[in-house]
Amino acid sequence: MTWDELIKNESHKTYYQDLIAFLNQEELSHDILPPREVRLSCFDLTPYDKLRVVIIGQDPYHNYNQAHGLAFSVLNDKYPPSLKNIYKEMVSDLNVDYPKTGNLTSWAKQGVLLLNTVLSVRVHEPLSHQKKGWEIFTLEVVQEINKRDDMVIFILWGNHAISYAKYIDTTKHKVIQSVHPSPLSARRGFFGSKPFSKTNEYLCSNGFNPIDWDLS
C-alpha cells in the first residue's frame, strides 16, 4: 500500500468527488488554507512504508503563514498556544532545549504522520470545512494504518482525537492519550503525560529507531 494508491481508491468514491467539487467552489470566493499544493503534504513527507507514529489533530490553523499540511505545525515563528504547550511538555519530558522552529517537518520525515482529520479551512474561520468529506477520507487513512501488522503508535490528544481510539487494534498497535494541549485543558493531564519518551520506549522495545524530537 502507498498513500497514492489509497488516495486514488478514494478519488473514485462519490464523497471524495463531492469534496473536491466543494473545495473548487470554495476557492472561487475564499482563501483556503493550507495552499492546495501542500494540502496533503503529511502524506508526501511520511510515506506509508516509513510510518511509525500518528499524531491526530483536528483542522488546520486558519491564519496566513501557519498551516502547511502537518497537524500542529506552523511556518512562522508565532507558535499557537497548543504548540507552545506541546513544546513545554517536550522540554520537560526529554530535557531538551526549547524549539527554535514551529515547523515539524523533521518529525514527519522520521515517520511521524501529523494528520488533521480535516485538511482544509477558510482563512480566519476555524472548522469551516468540517463535515464536507475530509473526515471520511482521514478515517479511511486511520483504518488502513490499523490493518498493518507492524506496530504503529497513535498519539491522541483531546476528545476529538481520542474518538478515533475505537478504530485502533491495541493488540497490534499502541495508543498514548491525554487531554488536549490547549490552554483550556493542558493542566488537567497533558503536562506530565510524557508522550515523547513513552513513544520512544515503545519504538525501541519493538526494535525500531526512536524519534529525534529535538527541534532546538
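The values are calculated or read from the model by the stated rules, or taken from the named source; none is laboratory data. Keep in mind the model is a prediction, meaning the values are calculated, not measured. Every residue, glycine as well, gets a Cβ built from its backbone with ideal geometry; the counts of neighbours run over all protein chains shown. These area figures cover heavy atoms from the full protein model, side chains too; ligands, DNA and RNA do not enter into them. Shrake-Rupley method; radii C 1.70, N 1.55, O 1.52, S 1.80 Å.
So, SER120, is that one closer than 19 Å to ASP44 by Cα, among the hydroxyl-bearing types (Ser, Thr, Tyr) and open to solvent by less than 40 Å² (accessible area, probe 1.4 Å) or not?
In short, yes.
Condition first: modelled with pLDDT of 95 or more and among the polar types (S, T, N, Q). Now tell me which residues in region 68-79 satisfy that.
Answer for region 68-79, where residues must be modelled with pLDDT of 95 or more and among the polar types (S, T, N, Q): just SER73.
Working only within region 198-216, note down all residues that are surrounded by 15 or more Cβ atoms within 10 Å (Cβ to Cβ) and under 24 Å from LYS100 (Cβ atoms). Walk me through how you get there before you give the answer.
Applying the first criterion (surrounded by 15 or more Cβ atoms within 10 Å (Cβ to Cβ)) to region 198-216 yields 198-200, 202-203, 208, 210-211, 213, 215.
Listed by number, the residues that qualify are THR199, ASN200, PRO210, ILE211, TRP213, LEU215.
Can you tell me which residue within region 138-193, out of those that are among the polar types (S, T, N, Q) and assigned to a helix (DSSP H, G or I), is most open to solvent (accessible area, probe 1.4 Å)? Talk me through it step by step, then tell me what you get.
Start the filter on region 138-193 by keeping residues that are among the polar types (S, T, N, Q), which leaves 138, 143, 146, 159, 163, 170-171, 177-178, 182, 185, 193.
Now drop any that are not assigned to a helix (DSSP H, G or I), which leaves 138, 143, 146, 159.
On the way: THR138: 0, GLN143: 68, ASN146: 29, ASN159: 135 Å².
In this case the residue turns out to be ASN159.
As an exercise: evaluate ASP59 against (1) touching a His at 6+ places or on another chain (Cβ under 8 Å); (2) surrounded by fewer than 21 Cβ atoms within 10 Å (Cβ to Cβ); (3) more than 16 Å from TRP3 (Cβ to Cβ) and give the number of the one condition it does not meet.
That leaves (2) as the condition not met.
If you scan region 80-118, which residues turn out to be aromatic (Phe, Trp, Tyr) and at pLDDT below 95? Before the answer, list the steps.
At the first step, the residues of region 80-118 found to be aromatic (Phe, Trp, Tyr) are 87, 98, 107.
Those that are aromatic (Phe, Trp, Tyr) and at pLDDT below 95: none in region 80-118.
Filter region 29-44 for residues that are more than 13 Å from SER73 (Cβ to Cβ) and assigned to a helix (DSSP H, G or I) and give the result. Before you say what the answer is, go through the steps one by one.
Keep residues of region 29-44 that are more than 13 Å from SER73 (Cβ to Cβ), which gives 29-32, 35-37, 39-40, 43-44.
Of everything in region 29-44, those that are more than 13 Å from SER73 (Cβ to Cβ) and assigned to a helix (DSSP H, G or I) turn out to be SER29, ARG36, GLU37, PHE43, ASP44.
For region 88-136, enumerate the residues that are part of a helix (DSSP H, G or I), within 16 Å of the chain's Cα centre (by Cα) and among the small types (Gly, Ala, Ser).
Within region 88-136, the subset part of a helix (DSSP H, G or I) is 88-94, 105-109, 134-136.
The next check asks that each one be within 16 Å of the chain's Cα centre (by Cα); those that pass are 105-109, 134-136.
Selection gives SER106, ALA108.
Please pick out the residue among GLU125, GLU135, GLU37, GLU26 that is charged (D, E, K, R), modelled with pLDDT of 95 or more and open to solvent by less than 20 Å² (accessible area, probe 1.4 Å).
Values: GLU125 fails: open to solvent by less than 20 Å² (accessible area, probe 1.4 Å); GLU135 fails: open to solvent by less than 20 Å² (accessible area, probe 1.4 Å); GLU37 fails: open to solvent by less than 20 Å² (accessible area, probe 1.4 Å).
Step by step, each of GLU125, GLU135, GLU37, GLU26 is checked, and only GLU26 is charged (D, E, K, R), modelled with pLDDT of 95 or more and open to solvent by less than 20 Å² (accessible area, probe 1.4 Å).
Take LEU156 and decide whether it is within 23 Å of VAL118 (Cα to Cα), free of Cβ contacts under 8 Å to residues at least 40 places away in the same chain and not hydroxyl-bearing (Ser, Thr, Tyr). Outline the logic, then answer.
Details: within 23 Å of VAL118 (Cα to Cα): yes; free of Cβ contacts under 8 Å to residues at least 40 places away in the same chain: no; not hydroxyl-bearing (Ser, Thr, Tyr): yes.
When the stated conditions are applied, LEU156 does not pass them.
Any idea which of TYR79, TYR167 is among the aromatic types (Phe, Trp, Tyr) and under 23 Å from LYS50 (Cα atoms)? Let's see the steps before the verdict.
On the way: TYR79 fails: under 23 Å from LYS50 (Cα atoms).
The match here is TYR167.
List every residue pair whose Cβ atoms sit under 7 Å apart, with the two residues 6 or more apart in sequence or on different chains, where the first one lies in region 81-109 and is more than 15 Å from GLY57 (Cβ to Cβ) and open to solvent by less than 30 Å² (accessible area, probe 1.4 Å) and the second, anywhere, is small (Gly, Ala, Ser) and in a helix (DSSP H, G or I).
ASP93/SER197
I'm told ASN85 meets every condition in (1) under 25 Å from VAL152 (Cα atoms); (2) in a loop (DSSP other than H, G, I, E, B) except one. Can you identify the failing condition by its number?
(2)
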